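The values are calculated or read from the model by the stated rules, or taken from the named source; none is laboratory data. Being a predicted model, the structure only gives us computed values, none of them experimental. Neighbour counts run over all protein chains shown; Cβ positions are idealised from the backbone, glycine included. Please note that ligands, DNA and RNA were not included when accessible areas were found on the heavy atoms of the full protein model with its side chains. Shrake-Rupley method; radii C 1.70, N 1.55, O 1.52, S 1.80 Å.
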Amino acid sequence: MKLTNYAQFHEDLKSRGIEYAAEHTVEMGFDSVEFLGLTKAAQDTSRTARTLKGLGLTVSCFSEGINLLDTSKRTREEMEIHLFRCADIAAELGSPFLHHTLVLPLSLPMNAPPLADIFESIVNSAEKVANYCEKLGIVCLYEPQGMYFNGCGLELFYDEMKKRCGNIGICGDVGNSLFVDHSPNLVFDRFASDIKHVHLKDYYVIDSPRDGVKNYKTLGGKYLSDSELGVGAVDIPYCMNKLKEVGYAGAYSFEIICGDEEMKNAVRYFEKVIGK
């Protein structure tokens with residue numbers, strides 16, 4: 001079992017560089033990291049790999065947020081090339097996975113096209129990226145995310161991708177489906193056997209926005225705000241039990257930014273949930 005530092009590692013990378021980010025990761029009790037995007041450190045693969053190896057850290061995943069909604073052929077090709085570059089870096093850093101989004105925005109404009117109008121072009125782009133990754137020996141992952149492909153709405157896309165590609169899987173994000181008012185339990189019920197990597201976080205679900213914190217509006221008009229792991233609306237034990245039933249052996253990646261003590265509490269809580 002790998003415990004992966006994701007969001008906090010990314011923040012540390014941006015603000016203080018790879019040496020501090022790696023040392024801080026170990027101090028907080030993690031044994032692996034997840035990268036987000038083509039940061040300076042990610043692209044300096046030799047130095048970064050050497051630093052991580054020196055501290056006994058591995059790379060469990062390389063993620064990128066990208067919006068494949070754009071229908072311009074030139075823009076789409078540029079995004080595909082960008083993801084090819086991410087795949088190259090992922091492979092050089094020893095990551096087994098490239099995880100990328102499909103349609104990034106958490107809310108869509110009033111004139112957003114219906115899913116039927118964009119589905120084929122998005123699948124075609126994802127197929128190109130997955131095929132490129134296969135040549136590098138890495139697997140492409142997709143998570144419930146955004147408005148088109150969130151919750152159990154990811155199923156349509158994933159079923160089509162399975163017809164076209166063999167090296168794909170699901171990133172089991174425990175919180176994203178709340179943005180479309182779907183229970184994370186339903187996502188793990190549906191996709192447990194296909195989940196190869198897990199993103200951990202938690203949210204309060206409330207009727208009106210909280211003061212002094214960042215709030216996210218759901219599709220149904222409720223609001224989400226970050227909570228400590230195990231305190232909010234996500235049934236972490238249920239999701240983890242579903243993975244245990246199918247023999248999940250992948251990493252658990254903490255998509256959490258917080259102080260050191262809160263992070264250590266999150267790690268302790270999670271280890272208790274999974275019985276470590």
Given a 1.4 angstrom probe, what's the average accessible area per residue across segment 204-276, in square angstrom?
57 Å²
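Give the calculated FRET efficiency between L186 and R16 to the nearest 0.05, with a Förster radius of 30 Å applied to their Cβ-Cβ distance.
The pair L186/R16 has a calculated efficiency of 0.15.
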Pop a pseudo-label 7 angstrom from the Cα along the beta-carbon direction at both L55 and D235 and give the gap in nm to one decimal.
3.7 nm
Between segment 186-229 and segment 124-166, the alpha-carbon center distance in angstrom:
22 Å
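Based on the alpha carbons, how large is the Rg to Rh ratio for segment 42-166 when Rh follows Kirkwood? Could you put the intermediate results ahead of the total?
Details: Rg = 15.5 Å, Rh = 15.4 Å.
Rg/Rh: 1.01.
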Between N67 and E262, with labels modelled 7 Å along Cα→Cβ, what's the label distance in nm to one decimal, could you check?
2.8 nm
Points 7 angstrom from Cα along the Cβ direction at E120 and H82: gap in nanometres?
2.5 nm
Quick check: from the Cα gyration tensor, does segment 113-223 come out rounded (a/c under 1.5), prolate or oblate?
prolate
Per-residue [θ]222 nm for the chain (sum of -39500 (n - 2.57) over DSSP H runs n ≥ 4, rounded to 500)
-14000 deg cm²/dmol
Accessible solvent surface per residue of segment 1-126, calculated while the other protein chains remain in place, 1.4 angstrom probe, Å²:
45 Å²
Which of L108, N185, G169, positive extreme of dipole for segment 97-223 (C-beta unit charges):
G169
Shape verdict for the chain, please, from the Cα gyration tensor: rounded (a/c under 1.5), prolate (a/b greater than b/c) or oblate.
rounded
Total charge dipole magnitude, the chain, about the Cα centre, Cβ charges on Lys, Arg, Asp, Glu only, Debye to nearest 20
400 debye
How about K214: which lysines have a C-alpha closer than 30 Å to its C-alpha, ignoring those fewer than 8 places off in the same chain?
K2, K14, K40, K196, K201, K222, K264, K272
How large a share of the accessible area of the chain, in percent, is made up of carbon and sulfur atoms when the probe is 1.4 Å and the other protein chains stay in place?
50 percent
